Structure formats: C-alpha cells, structure tokens
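Shown next, in structure tokens, is the structure this report addresses.
The values are calculated or read from the model by the stated rules, or taken from the named source; none is laboratory data. Source: prediction; values computed, not measured. For neighbour counting, all protein chains shown are included, and Cβ atoms are generated from backbone atoms with ideal geometry for every residue, glycine included.
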Amino acid sequence: MGTSVPNWKNELSSQGQGDVKTYTLSPEELEKIVGNPIPKSHTKPLTFRAKAKTIKEEKPTMKTASKEDPKPAVPVEEATAETQPVTQPNDEASKPVLTKAEDEGIKWLLTGWTKESLLIEHALAPDGWEKGTKAEVLNSMSVWKMAQALVSGYDVKLTPEETLIEQYADSYNVDSAYNEGWRKGVRSALIAMGKTLEGITD
C-alpha cells in the first residue's frame, strides 16, 4: 500500500475539530452490556505504546554447565613492585679521613679564617697554599674533600710515620730501660733506611 499524497485543497477547507459530545448510558443500556460476552464483531483498538517487557522476559536465564564449558580462569594477583625505602645519607660515611698533617694545616688556617672563607680560597687556588707553612699539605687536597671536611667534619688517621712519632714521644712518659732501648732501636732503624723523622732522628 502506497503513501497517500496530501491534497492542499482539503487542507485549506479544513475547519478544525468539531465539538466533542458526551453521552451517558442509561441503566437499561448498561444492563444489556455488562455481563454479556464481547461480540465477535468487536475489534481491538490500535495502540501506539511500546510493548513493555514482562518480568518473565526481563529475568535472565541460567545457563546450565556442561562438560564442554571451560573452567573459569583463576584471577591472577598483580605483582607489586618492591620499592626500597628512601634513606638519608649517613653523616658518618660522608666524613673524609685526613692525615694528622692535614688536620694541623686546617686548624692552623682556621685560627685566622672562617670555614666559608677557607673553602672559597681553596676552591679558587687548590694548590696555592704557601710552601714552608702548615697549610702546604693542603695543596694536594681536592675541593670536594675540603668541603666535606669543613661541613661534615673529618676523622684523622695517622700515617705509619706519624704513628711512630707519637709512640716515640709517648715512650718518654715512662722512664724505663725498656723504653730507652726501644728508642735507640727506632733511631738506628731509621738511619739505616736513610729516613729522617722530626723528633726522632733530628
């Protein structure tokens, strides 16, 4: 069946809707209708409402398990990455180890300099300390090591020669034949090796 083509003449002659008339059935007319079967000539009116889903239609159907159905996969837990705790640098590990001569050189300079001015001067001329002074031993020290020593402090480790000088000086604290003999042996060994140590051989 084709779609009807509207007639513009009919549209112009249309007067709109007519008056709505209401009618009330009498008791006798209602008695004839109520309780009687619907006649076969009655047709169901057209409806434009969407068909609503019934509860039966909306209820999901359960799927019966069969031998062919694969087993559900076991969920795998995500592996958490191991993170190492962030730690602050150890102050003890950042302390440099200086010789006794370097320790004495820094202490000698700090009698007239501040730590800041000493570090600046050393950074400008790391090998510019005057020879013949206690600061001469600092000419071989890096700027970074000097900064660590002045900021974090430092430990003093005696060289073998410095250890021998201290032990030689301490031997005079106890007057004994053993200490006197030990001092003579140290002097003889140094002379034989051609070494001179301040306070021992001179």
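A few comments on the model shown:
- Hits in segment 145-170 - residues which are surrounded by 14 or more Cβ atoms within 10 Å (Cβ to Cβ) and in contact with a Lys or Arg (Cβ under 6 Å, 6 or more places away or on another chain): LEU150, SER152, TYR154, LEU158, GLU162
- Segment 136-153 residues that are assigned by TED's automatic domain parsing to the domain that holds ASP103 and acidic (Asp, Glu), paired with ones that are surrounded by 12 or more Cβ atoms within 10 Å (Cβ to Cβ) and not in a helix (DSSP H, G or I) (beta carbon under 6 Å, 6 or more apart): GLU136/TRP129
- Among the residues of segment 19-46, those that are of a type in the set (Ser, Thr, Tyr) and modelled with pLDDT under 65 comprise SER41, THR43.
- Scan segment 176-199 for residues that are touching a residue at least 12 places away in the same chain (Cβ under 8 Å) and part of a helix (DSSP H, G or I) and the total you get is 3.
- Subset of segment 128-143 that is part of a loop (DSSP other than H, G, I, E, B) and within 42 Å of the chain's Cα centre (by Cα) - its residue that is nearest to GLY112 (Cα to Cα): MET141
- For segment 111-134, a residue qualifies if it is under 14 Å from ALA147 (Cα atoms) and in contact with a Leu (Cβ under 9 Å, 6 or more places away or on another chain), and the qualifying residues are LYS115, GLU116, LEU118, LEU119, GLU121, HIS122, PRO126.
- Scanning segment 107-136 for residues that are in contact with a Phe, Trp or Tyr (Cβ under 8 Å, 6 or more places away or on another chain) and within 28 Å of LEU164 (Cα to Cα) turns up THR133, LYS134, ALA135, GLU136.
- Qualifying residue in segment 160-170 (condition: of a type in the set (Gly, Ala, Ser) and part of a loop (DSSP other than H, G, I, E, B)): no
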